[in-house]
1. Within region 320-338, how many residues are in a helix (DSSP H, G or I) and either exposed (fewer than 14 other Cβ atoms within 10 Å of the Cβ) or free of Cβ contacts under 8 Å to residues at least 24 places away in the same chain (or both)?
2. So is residue 392 farther than 19 Å from residue 520 by Cα, in the same structural domain as residue 585 (by TED's automatic domain parsing) and under 17 Å from the mean Cα position of the chain (by Cα) or not?
3. Of all residues in region 380-390, count the ones that are surrounded by fewer than 23 Cβ atoms within 10 Å (Cβ to Cβ) and not in a strand (DSSP E or B).
4. Pull up region 404-434, narrow it to residues that are touching a strand residue (DSSP E or B) at 6+ places or on another chain (Cβ under 6 Å) and in a helix (DSSP H, G or I), then point me to the one that is surrounded by the most Cβ atoms within 10 Å (Cβ to Cβ).
5. Just the residues that are farther than 16 Å from residue 152 by Cα and in contact with a helix residue (DSSP H, G or I) (Cβ under 7 Å, 6 or more places away or on another chain), please, taken from region 259-277.
6. Where in region 436-547 are there helices (runs of 4 or more DSSP H), lying wholly inside it, with at least 3 residues that are over 32 Å from the mean Cα position of the chain (by Cα) and surrounded by 22 or more Cβ atoms within 10 Å (Cβ to Cβ)?
7. Need pairs with beta-carbon distance below 7 Å; first residue assigned by TED's automatic domain parsing to the domain that holds residue 170 and within region 183-211, second surrounded by fewer than 19 Cβ atoms within 10 Å (Cβ to Cβ) and part of a helix (DSSP H, G or I); sequence gap 6+ or separate chains.
8. Suppose we keep only residues that are touching a strand residue (DSSP E or B) at 6+ places or on another chain (Cβ under 7 Å) and assigned to a loop (DSSP other than H, G, I, E, B) within region 276-294. Which one would you say is surrounded by the most Cβ atoms within 10 Å (Cβ to Cβ)?
């Protein structure tokens, strides 16, 4: 109908030239008469799809820019690296008046942190993946507490030490370090890890910002350990964010207690590898009460209660009570708490175990040794150890700090990993004996030039000694097999029959001495000056081992140090120790045999062990009876389970034999687990 009407009107002005021309113009825009398809408008669905694609593309661009750290830049960013060639990014907004501030809870930017890390990577400094230590803080008070420690550790040059500030304050990093006495000579690596709008951010945003900053640091310069202030002066959001990061990425976290600069100043001497084992290393304490008298035990337990536990896991304390408990001791133990309530670990559940045996008869030497060895078993021999304290010992307030310092340094530092004698250390003593093991001659510790020095001695002690977990396992297995073999032997070899240790010390020390001679093990002793400020052994009260009866008097107890004076208050441990707690390398220390002879090194230890093996071999009947003992010391390689000896120890023995110039072909290996390397 429409088309017919248009055709009719065109004929009305067919003879009018002007109107005809207009009609031609209209017809030129129409399709030919034979074209029948109608022109359609775009479908609404295509418009929606196009709009969706555009929005999606914008979202992707925004997310990419956000992940790359790009975004809105503000006017007050101060780069912490003035030598950077990168353009200055401005992130932190100008401070607003208190009435105009608005709480921010939007996307988080860390341009300052990214720039400082980028500069660090560009210059090649502090990016080693296995030497980084991170100190972090959010409050100005906590920063003042940890910055001096961080600088002290950085000056030791054992690790790449970083400090990251993640608080709300608008203070510049330059002013922060200057106020806390950190001069430009300190090789501490600084990072401004505050987010944008930090001063007006919500706690939830700051918690997320701390976690995100930690993850950025972890991915670009991964730290082996993170150290923070655990006190209430630190911001709660910082604690929450840091602990979420640690839980997610399994990084070692050291939570510093109050006055950490004084109480834990010694951690600045440790490298990143040693600090990484902070939360893994632990030790239990064993104390055997004397049969009579309670004065010594009370003094020891009181000194334990006074000792500082700040920053440490509370060790499990096992007290072996005598068969008959005197009333004063019973009353004292009823009021004794471990850990003490006034310590930092007051919320920790009780870690005290009291053991009271049933039999009232006096223990034999074998029974006493078995009872002691059964008091502890390491869950992980490489990380779990045992500290034996005699009742007549009194420890200093920083005793536990020194024990952990020695453990981390001697077992987990990079320097310890390169020491050949490290695997020969059976135990660490914290007191120096005054007589030889038999108690008959005075013992004078070796000296290095005019100064006293730490030393290695094959003779173990029982005053205050920490047995390493893997060596305790060997001692346990060795004692078990020796006691089993003795029941079927008509004659014992000299090393088992002749007592080298006097009756002034517990019977189990004899087995430890035998194992040291057979394996070439040594005990690490401190210098006399160090021992005097760490622990002292008193001789004012009788304290004889129960298994030897009352014949041993206080005057005959040889392995005791003279009465000393301990610090009454908590002081800086490094200031109290000689040479600020300097630890010598093992190969720099004097090495003594079990009878006090000065040895030349580990090769001499190996030769002495092989000479002892020869003595066993000369008597075929004795060797046959003891073959199960001397060839299987470890409990993991007995006949029942059929497992093989320790591969690492076997390799060590092969290396030792090769260094000694011995030909494997001319010797019969009879001690495959390491007691004897070979016998002719």
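1. Let us first name the residues in region 320-338 that are in a helix (DSSP H, G or I), namely 327-335.
Next, only the ones that are either exposed (fewer than 14 other Cβ atoms within 10 Å of the Cβ) or free of Cβ contacts under 8 Å to residues at least 24 places away in the same chain (or both) stay: 327-328, 330-331, 333-335.
Counting residues in region 320-338 that are in a helix (DSSP H, G or I) and either exposed (fewer than 14 other Cβ atoms within 10 Å of the Cβ) or free of Cβ contacts under 8 Å to residues at least 24 places away in the same chain (or both) gives 7.
2. On the way: farther than 19 Å from residue 520 by Cα: yes; in the same structural domain as residue 585 (by TED's automatic domain parsing): yes; under 17 Å from the mean Cα position of the chain (by Cα): no.
No; evaluated as a whole, the condition is false for this residue.
3. The number of residues fulfilling the criteria is 4.
4. Here is the first cut: in region 404-434, the ones touching a strand residue (DSSP E or B) at 6+ places or on another chain (Cβ under 6 Å) are 406, 424-432.
Okay, now just the ones that are also in a helix (DSSP H, G or I), so 406, 424.
On the way: 406: 19, 424: 23.
Here the residue is 424.
5. Pass one, region 259-277, residues farther than 16 Å from residue 152 by Cα: 273-274, 276-277.
Matches in region 259-277: 273, 274, 277.
6. Working: elements: 469-486, 494-497, 508-519, 528-534.
Result: empty, no element qualifies.
7. Between residues of region 183-211 that are assigned by TED's automatic domain parsing to the domain that holds residue 170 and residues that are surrounded by fewer than 19 Cβ atoms within 10 Å (Cβ to Cβ) and part of a helix (DSSP H, G or I), the close pairs are 186/155; 187/155; 207/240; 211/244.
8. We begin by selecting, within region 276-294, every residue touching a strand residue (DSSP E or B) at 6+ places or on another chain (Cβ under 7 Å); these are 276, 278-279, 282-289.
From the residues that got through so far, the ones that are assigned to a loop (DSSP other than H, G, I, E, B) too are 278-279, 289.
Working: 278: 21, 279: 15, 289: 25.
Filtering region 276-294 for residues that are touching a strand residue (DSSP E or B) at 6+ places or on another chain (Cβ under 7 Å) and assigned to a loop (DSSP other than H, G, I, E, B), the one surrounded by the most Cβ atoms within 10 Å (Cβ to Cβ) comes out as 289.
The values are calculated or read from the model by the stated rules, or taken from the named source; none is laboratory data. In this text, all values refer to a predicted model and were calculated from it rather than measured experimentally. So basically every Cβ, Gly included, is an ideal-geometry build from the backbone, and we count neighbours across all protein chains shown.
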